[in-house]
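Take a look at the structure set out below.
The values are calculated or read from the model by the stated rules, or taken from the named source; none is laboratory data. Just so it is clear, the model here is predicted, and its values are computed rather than measured. We place every Cβ from the backbone using ideal geometry, glycine too, and count neighbours over all the protein chains shown. Surface areas here come from the heavy atoms of the whole protein model, side chains and all, with no ligands, DNA or RNA. Shrake-Rupley method; radii C 1.70, N 1.55, O 1.52, S 1.80 Å.
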Amino acid sequence: MSDIAGCLQQLLADVVGMYHKAHGYHWNVTGAGFQQFHQFLGSLYEDVYGSVDTIAENIRKRDAFPQFTVQSLASQTKVGTKDAGTGPLA
């Protein structure tokens, strides 16, 4: 895999990780700022998800194959794995 394709693969893993994390926090937001945080996180994960296909297509343009399994992406991402937990985010 070329250096550019490798960097794009890292970006893909991080973007997918961020998408999942933002979506998880969206599901679990509580507290006084619920509506504000819920809307913000919804907009965030939708925006982030919109870039996934473009990144994968750019990996293919470099004659490489984007990794796509949950296990593969999870092992590559630099996004932390801490869950939202049960407390308020606000």
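Out of the helices (runs of 4 or more DSSP H) lying entirely within segment 1-81, which hold 2 or more residues that are open to solvent by 30 Å² or more (accessible area, probe 1.4 Å) and of a type in the set (D, E, K, R)? Steps first, answer last, please.
On the way: elements: 3-28, 34-49, 52-60, 70-76.
Of the helices (runs of 4 or more DSSP H) lying wholly inside segment 1-81, those with at least 2 residues that are open to solvent by 30 Å² or more (accessible area, probe 1.4 Å) and of a type in the set (D, E, K, R) span 3-28, 34-49, 52-60.
Report yes if some residue within segment 10-31 is basic (Lys, Arg) and closer than 18 Å to residue 79 by Cβ; otherwise report no. Give the steps one after another, and end with the answer.
Residues of segment 10-31 that are basic (Lys, Arg), as a first pass: 21.
Remaining after also requiring closer than 18 Å to residue 79 by Cβ: 21.
Yes: segment 10-31 contains one or more residues that are basic (Lys, Arg) and closer than 18 Å to residue 79 by Cβ.
Just to be sure I understand the filter: pairs with C-beta atoms under 8 Å, separated by 6 or more residues or on different chains, first member in segment 17-39 and closer than 19 Å to residue 52 by Cα, second member open to solvent by 80 Å² or more (accessible area, probe 1.4 Å) and modelled with pLDDT under 90. Which pairs pass?
24/83
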